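Working notes, structure below.
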Amino acid sequence: MKFYIRTLGCKMNALDSARVAAALQAAGHELVGEAEAEYVFVNTCTVTAEADRKSRKEVNAAGRVVEQVAVMGCGPRVDTGRWRQYSPGTMVFTDETALYERFGVQLDELPFPLGSRTRLPVAIQTGCDNLCSFCITRVARGPHANLPAEQVIRQVREAEEAGIREIVLTGINLAAWGAEDSNRAEQARLHLLIERILRETEMPRIRLSSLGPQYLHKGFFDLFSDPRLCAYLHLSLQSGSGPVLERMVRGHGTEEARRIAEQARRVRPDVALAADVIAGFPEESDTEHRETLAFIKQLGFAKLHVFPYSVREGTPAAEMAQVNGNIRRERAAEIRELGRQLRRDFIGGQMGERFDVLVERGKSGLTGNYIRLRVPDEAGFAGTIRQMTLTEETLAERL
């Protein structure tokens, strides 16, 4: 079988797709471009109504390219019947085991997915027990579960042997690693896992994906000064207004994020703080929106991922009083503009500094604190780490 995979959604979905592709290839199937494929697998996302709509659109688009489409991922896991009704001509898989059995993959011989020779996501956790009022992840991904430290260490060592220079620790609720239940933030022990990776491997760069602010304790910042940890913390913040965070049932307020900013900058002055922000959450007043803008500016985030709130059926937030769609989009645009200003300020403050840059294809690369630089031809090839100075000439971002 010749196959292609379309992937929507988060880093975990991307990792899932890489794992499925590696398993299918190990079973003798061939990964090809979409135009050559006999099967197209669509790895769906259903975190919001908009993500659900995009997933259906991708399935329709794939159906115009090939005769056989297979749907997998969070969409079928949340509502199998609806997907089968919506796409009667497609193959619908609610889990990877069923997919593997259908295509002759040996479950006891699943290969390690290597999608890149420079940077590799390594899952350390999956699922979530939290009850965020806007989110359906706990249905789509199941309960919180920690991957054993020994398994994570083994994967990092395999990545080392393959020449990978940077790993990205990934999970649905990454920072809750070590807790029995992700609602028990005080039990989180992410720092203990990181300590073992630093002690038991020689991986030169370790990056973290999205982090819940309530899970990062003092032990984490005792380690954060290690230069092998990338100076980049992406917080799953969602709002800078205390009352909005309460309605979101996030399990944290604004003070946790403020504490992280202070502690991180104390040990890593060059740290870049990033955040996810939802604009126009149900019942959000103009005052609460202004609180979010003020908080973002006060903390000086270096990068923002901003989304206008999208109603997701089956969540408590869908039953709340909704903010007008135009107002949601206007608020999102205002936050994005502030984010662009803060990005310019952050990069401007780093001008003239020297950074280790992981060279990627296309003659560019990222610093540890997530600034993209142009790499001259003579600086090396993909997968090498080079020291470079940030200047207007080397900056590869449009500000």
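For the range 116-136, name all the residues that are under 20 Å from S17 (Cα atoms) and open to solvent by 30 Å² or more (accessible area, probe 1.4 Å).
S116, R117, R119, P121, T126
Quick check on the range 320-368: of everything there that is out of contact with any Lys or Arg (no Cβ under 9 Å at 6 or more places or on another chain) and at positive phi, which residue is modelled with the highest pLDDT?
G352
Can you name every one of the helices (runs of 4 or more DSSP H) wholly within the range 205-306 that holds 2 or more residues which are surrounded by 21 or more Cβ atoms within 10 Å (Cβ to Cβ) and out of contact with any Phe, Trp or Tyr (no Cβ under 9 Å at 6 or more places or on another chain)?
Helices (runs of 4 or more DSSP H) meeting the threshold: 286-299.
Any chance you could count how many residues in the range 224-259 are among the basic types (K, R) and over 16 Å from D276 (Cα atoms)?
Total satisfying the criteria: 3.
Could you list, in sequence order, all residues of the range 157-166 that are in a helix (DSSP H, G or I), in contact (Cβ under 8 Å) with a residue 40 or more places away in the chain and open to solvent by 20 Å² or more (accessible area, probe 1.4 Å)?
The answer is R157, E158, E160.
Using beta carbons and a limit of 9 Å, which pairs, at least six apart or on different chains, have the first residue in the range 256-267 and modelled with pLDDT of 95 or more and the second one among the basic types (K, R)?
From the range 256-267, the pairs are Q263/K218.
Can you give me the ranges of the helices (runs of 4 or more DSSP H) entirely in the range 1-97 with at least 1 residues that are touching a residue at least 12 places away in the same chain (Cβ under 8 Å) and surrounded by fewer than 18 Cβ atoms within 10 Å (Cβ to Cβ)?
Counting at least 1 such residues, we get 11-26, 49-63, 80-86.
Quick check: is even one residue across the range 16-26 under 23 Å from V311 (Cβ atoms) and modelled with pLDDT of 90 or more?
No, there is no match, as no residue in the range 16-26 is under 23 Å from V311 (Cβ atoms) and modelled with pLDDT of 90 or more.
Please name all residue pairs, on different chains or six or more residues apart, with Cβ atoms under 7 Å, provided the first residue is in the range 183-198 and is touching a residue at least 40 places away in the same chain (Cβ under 8 Å) and the second residue is open to solvent by 20 Å² or more (accessible area, probe 1.4 Å) and part of a helix (DSSP H, G or I).
A185/Q214
Just wondering, is there one or more residues in the range 46-66 that are farther than 27 Å from V311 by Cβ and either modelled with pLDDT of 90 or more or of a type in the set (D, E) (or both)?
No, there is no match, as no residue in the range 46-66 is farther than 27 Å from V311 by Cβ and either modelled with pLDDT of 90 or more or of a type in the set (D, E) (or both).
Which residues, counting only those in the range 1-37, are of a type in the set (V, I, T) and touching a Lys or Arg at 6+ places or on another chain (Cβ under 9 Å)?
Scanning the range 1-37 gives a single hit, V32.
Scanning for something of a type in the set (A, V, I, L, M), within 25 Å of R207 (Cα to Cα), at pLDDT below 90 and surrounded by 15 or more Cβ atoms within 10 Å (Cβ to Cβ), does the range 101-109 turn up at least one residue?
Among the residues of the range 101-109, not one is of a type in the set (A, V, I, L, M), within 25 Å of R207 (Cα to Cα), at pLDDT below 90 and surrounded by 15 or more Cβ atoms within 10 Å (Cβ to Cβ), which makes the answer no.
Going through the range 307-333 one residue at a time, which ones are open to solvent by less than 70 Å² (accessible area, probe 1.4 Å), part of a helix (DSSP H, G or I) and not small (G, A, S)?
Answer for the range 307-333, where residues must be open to solvent by less than 70 Å² (accessible area, probe 1.4 Å), part of a helix (DSSP H, G or I) and not small (G, A, S): I327, R328, R331.
Quick check on my filter: what residues within the range 218-249 are farther than 14 Å from V271 by Cα and polar (S, T, N, Q)?
Answer for the range 218-249, where residues must be farther than 14 Å from V271 by Cα and polar (S, T, N, Q): S236, Q238, S239, S241.
Within the range 172-204, take every residue that is of a type in the set (S, T, N, Q) and crowded, with 20+ Cβ neighbours inside 10 Å and give me the one that is farthest from G251 (Cα to Cα).
Only one residue fits best here, namely N173.
Take A140 and tell me if it is among the hydrophobic types (A, V, I, L, M, F, W, C) and in contact with a Cys (Cβ under 6 Å, 6 or more places away or on another chain).
Here the answer is yes, as A140 does meet what is asked.
A quick yes/no check of all residues on (1) closer than 30 Å to V244 by Cα; (2) in contact with a Leu (Cβ under 6 Å, 6 or more places away or on another chain); (3) of a type in the set (A, V, I, L, M):
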{"position": "N326", "(1), (2), (3)": "yes, no, no"}
{"position": "A332", "(1), (2), (3)": "yes, no, yes"}
{"position": "L342", "(1), (2), (3)": "yes, no, yes"}
{"position": "F346", "(1), (2), (3)": "yes, no, no"}
{"position": "D356", "(1), (2), (3)": "no, no, no"}
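List the pairs whose first member sits in the range 134-156 and is farther than 10 Å from V122 by Cβ and of a type in the set (K, R), whose second member is part of a helix (DSSP H, G or I) and open to solvent by less than 60 Å² (accessible area, probe 1.4 Å), and whose Cβ atoms are under 8 Å apart, counting only residues at least 6 apart or on separate chains?
Within 8 Å, the pairs are R141/M12; R141/C74.
The values are calculated or read from the model by the stated rules, or taken from the named source; none is laboratory data. Quantities reported herein were computed from a predicted structural model and do not represent experimental measurements. Because the Cβ atoms are built from the backbone with ideal geometry, glycine has one as well, and the counts that use them run over all protein chains shown. Protein only, heavy atoms only, side chains kept; ligands, DNA and RNA dropped before computing areas. Shrake-Rupley method; radii C 1.70, N 1.55, O 1.52, S 1.80 Å.
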